[in-house]
Amino acid sequence: LPIVVKAFEMEIIPANRIVAQIGETLILTCNTTGCASPSFSWRTQMDNPLGGTLSNHRTYSTLTMNPVSIMNSHDYLCTVFCGEKEKKEKSIKVELYSFPSDPVIEIRPSLVAGEPVTVICKIPDVYPSGHLEVLLKKEEHVLHEEYFYEDDSTNTETKTVTYSFNPTAEDIGKEITCVAKLQIANMDFEPKERVTSQKLNANFGPQNTIIIASPGNSPMEGDPLKLTCVTESNPPPQIVWRKHLADGSIQHLIENNVLSIPDAHFTDSGLYICEVINRVTNKTERATVDIVIQDGPKNTMISVIPATAVKEGETVTMKCTSSGNPAPVISWKKKKATGDSGKIFKGATLTIQSIKSQDLGLYECEAYNQFGKEEKAVKLLVQVPPQNITVLVYPSENVKEGENVTITCSTYSNPPSQMVLRKVHQEKEIILPSVNGTFILYNVTKNDTGRYLLDVFNEVGNNIKVIEIAVVGRLEKPDQMLPLIIAFSCVTAIAVPVVAILIYVSRKAKINGSYSLVKALRLKV
């Protein structure tokens with residue numbers, strides 16, 4: 001089959017002529033076919049600057065004008081070379097206009113019935129203004145016409161039409177309309193006519209000012225909140241938002257009819273003021289709204305005076321605080337031995353006077369409102385000196401030589417007690433340390449006769465019991481080296497039992513009719 005070779009051709013898109021509005025973006029494209037590696041060049045009539053950005057691709061080239069300005073009102077020529085011999089050219093005419101927005105009407109002085117009024121109509125950024133026509137109408141009656149045919153503008157201009165007349169009382173509420181037309185033959189663009197209307201209204205207000213809170217004046221924390229100030233006023237008023245602060249001062253917020261809080265917090269609660277000011281009527285009106293940001297209890301804290309560890313008989317005050325809206329209801333519970341908690345008090349401050357040992361334990365503060373609850377706990381310790389001390393001597397305080405004597409002591413205290421047994425002697429004192437225990441004297445002799453002091457103590461207080469032991473007679477046993485064993489074990493009501501045994505295995509520890517435990521215990525006498 002024969003190979004079909006396409007002829008070298010070019011085109012400009014859009015072709016021949018384009019109508020563009022000043023300020024917009026315009027792209028001219030020079031496209032080729034039938035040439036593998038074309039080269040492009042652009043120029044304007046009279047070799048003016050291109051006024052745009054060139055971008056060459058393999059088979060096409062673009063000229064981008066962003067934005068289009070008055071300097072782009074030219075014929076643009078695109079030249080394409082294919083190799084050294086083939087060359088083609090095409091041109092496009094760029095025609096510009098500007099008619100970007102509706103007229104703006106201003107009526108001054110602000111209308112009061114019976115006084116002259118001036119209507120000012122402004123048509124922004126028009127080009128070419130020599131084609132502009134403007135009509136001012138009251139309802140359907142034409143008040144004034146103006147043409148700008150004599151204008152020879154070289155760029156965009158804002159044109160103004162002014163007309164004054166004496167209105168009647170019947171004119172109040174009628175519409176003043178400004179019609180602007182930009183009629184350019186052979187230029188296809190829309191719109192070619194723009195219209196703006198405004199009513200002839202007397203100055204009034206502000207009046208009937210209210211604040212609309214969305215979604216309401218009691219949103220949840222974290223929700224968006226929008227406050228809109230709505231009023232009736234002519235001319236439109238200045239609106240200022242303020243907020244009453246807790247210290248009595250007033251905080252200036254923004255000057256806008258809408259106050260938006262995208263993520264409401266508890267601190268955003270308060271009295272908001274919308275102040276509306278009409279500078280023409282010289283009147284001011286205010287509206288207020290009380291905003292309450294709702295939230296469940298949080299930041300719950302417990303403070304204890306004087307401390308969480310107190311002596312029996314003292315007064316303890318526990319105070320629970322919590323933030324939230326509505327204000328949380330606070331109650332106190334105490335954990336029972338079963339693990340359950342029972343309510344004992346309703347209120348923020350729990351006071352326990354003349355505290356007793358049975359008052360110790362875990363106290364829970366519960367803060368509650370309809371949006372949730374939060375709990376905090378504190379452990380209360382009641383310090384009790386040794387009390388309810390019971391001392392038992394077995395078999396009795398009068399024993400025979402060779403018998404064993406057991407001294408048992410039980411007590412209640414917090415923190416746990418320590419115990420020391422002392423044997424008082426006219427020459428020296430022997431101290432037997434223990435921890436809340438039971439003391440056993442093995443194989444007593446007459447030297448063990450005497451007064452013993454049992455000192456029971458903790459960091460809160462102490463108690464001393466006196467024991468008189470008399471060793472009389474003698475058991476019929478051979479004289480031999482007998483060990484002396486003193487054992488003690490903890491029997492306090494609170495402390496964990498601890499057992500310790502001290503064993504002295506030689507009669508050599510008995511000196512001069514009394515215990516010499518100095519060497520054995522390494523304690524000072």
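Expressed as a whole percent, the accessible surface of the chain that belongs to carbon and sulfur atoms is 51, based on a 1.4 Å probe.
Classify segment 303-429 as rounded, prolate or oblate, taking a ≥ b ≥ c as the square roots of the eigenvalues of its Cα gyration tensor: rounded when a/c is under 1.5, otherwise prolate if a/b is larger than b/c and oblate if not. Prolate. Our compactness index for segment 207-291, the C-alpha radius of gyration over the empirical 2.2 N^0.38 Å, is 1.10.
At 1.4 Å probe radius, can you tell me the per residue accessible area of the chain in Å²? The partial results should precede the final answer.
Numbers: 28690 Å² over 525 residues.
With the other protein chains kept in place, the chain gives 55 Å² per residue.
Need one word for segment 9-97: rounded, prolate or oblate. Basis is the Cα gyration tensor (sqrt eigenvalues a ≥ b ≥ c); a/c below 1.5 gives rounded, then a/b vs b/c decides. Write down the numbers at each step before the final one.
Numbers: a/c = 2.17, a/b = 1.99, b/c = 1.09.
Because a/c hits 1.5 or more and a/b exceeds b/c, segment 9-97 counts as prolate.
At q = 0.16, 0.19 Å⁻¹, what base-10 log of I(q)/I(0) does the Debye formula yield for segment 104-202 when every alpha carbon is treated as an equal point scatterer in vacuo? Normalising to I(0) and taking log10 leaves -0.68, -0.88.
How would segment 384-469 be classified by its alpha-carbon gyration tensor: rounded, prolate or oblate, with rounded meaning a/c under 1.5 and the a/b versus b/c comparison settling the rest? Numbers along the way, then the final one.
Values: a/c = 2.54, a/b = 1.75, b/c = 1.45.
The shape class here is prolate.
Relative contact order of segment 384-469: 34 percent, from C-alpha pairs under 8 Å at least 6 residues apart in sequence.
What does the charge count near Arg43 come to, summing +1 for each Lys or Arg and -1 for each Asp or Glu among other residues with Cβ under 13 Å from its Cβ? Don't jump to the answer; show the numbers that get you there.
Working: positive: Lys90; negative: Asp47, Asp75, Glu89.
Residues near Arg43 contribute -2 overall.
Taking a sphere under 12 Å around the Cβ of Glu146 and counting the other residues whose Cβ falls inside, with K and R at +1 and D and E at -1, yields a net charge of -2. Normalised Debye scattering of segment 237-349 at q = 0.19, 0.23 Å⁻¹ gives log10 I(q)/I(0) of -1.07, -1.29, counting only Cα atoms as equal scatterers and leaving out solvent. In segment 207-291, Cα pairs under 8 Å separated by at least six residues give a relative contact order of 33 percent. When the convex hull of its Cα atoms is viewed from all sides, the chain shows a mean projected area of 61.0 nm². In order along segment 66-79, the phi-based Karplus estimate (6.51 cos²θ - 1.76 cosθ + 1.60, θ = phi - 60°) of 3J(HN,Hα) comes to 9, x, 5, 10, 4, 6, 8, 7, 8, 8, 9, 10, 10, 10 Hz; Gly and Pro are listed as x. The phi torsions of segment 365-378, fed into the Karplus equation with coefficients 6.51, -1.76 and 1.60 and a -60° offset, translate into couplings of 9, 10, 9, 9, 9, 5, 9, x, 9, 9, 10, 9, 10, 9 Hz, rounded to whole numbers, with Gly and Pro shown as x. Consider a paramagnetic label point 7 Å from the Cα of Lys298 along Cα→Cβ; state which residues of segment 198-230 have an amide N under 20 Å from it. It comes to 215-226, nothing else. Mean sequence separation of contacting Cα pairs (under 8 Å, at least six apart), scaled by the length of segment 1-146, corresponds to a relative contact order of 21 percent. Helical runs (DSSP H, four residues minimum) scored at -39500 (n - 2.57) apiece and divided by the length of the chain put the mean residue ellipticity at 222 nm at 0 deg cm²/dmol. Put simply, the amide H of Asn398, placed in the peptide plane, has neighbours under 5 Å in Ala470, leaving out anything fewer than 5 places away on its chain. Summing +1 for each Lys or Arg and -1 for each Asp or Glu among the other residues whose beta-carbon sits under 10 angstrom from that of Asn208 gives -2. Could you list which residues have their amide H under 5 Å from that of Leu132, counting only those 5 or more apart in sequence or on another chain, with H placed in the peptide plane? Amide H to amide H, under 5 Å and 5 or more residues apart or across chains, Leu132 pairs with Phe148. What are the GluC sites (Glu not before Pro) within segment 209-283 that DSSP puts in a loop, where the Cβ has at most 13 other Cβ atoms within 10 Å? Listed in order of number, the matching sites are Glu255.
The values are calculated or read from the model by the stated rules, or taken from the named source; none is laboratory data. Fair warning: this is a prediction, and the values are worked out from it, not measured in the lab. With ideal geometry, Cβ positions are generated from the backbone for all residues, glycine too; neighbour counts draw on all protein chains shown. Just the protein is used for accessible areas: all its heavy atoms, side chains included, with ligands, DNA and RNA removed. Shrake-Rupley method; radii C 1.70, N 1.55, O 1.52, S 1.80 Å.
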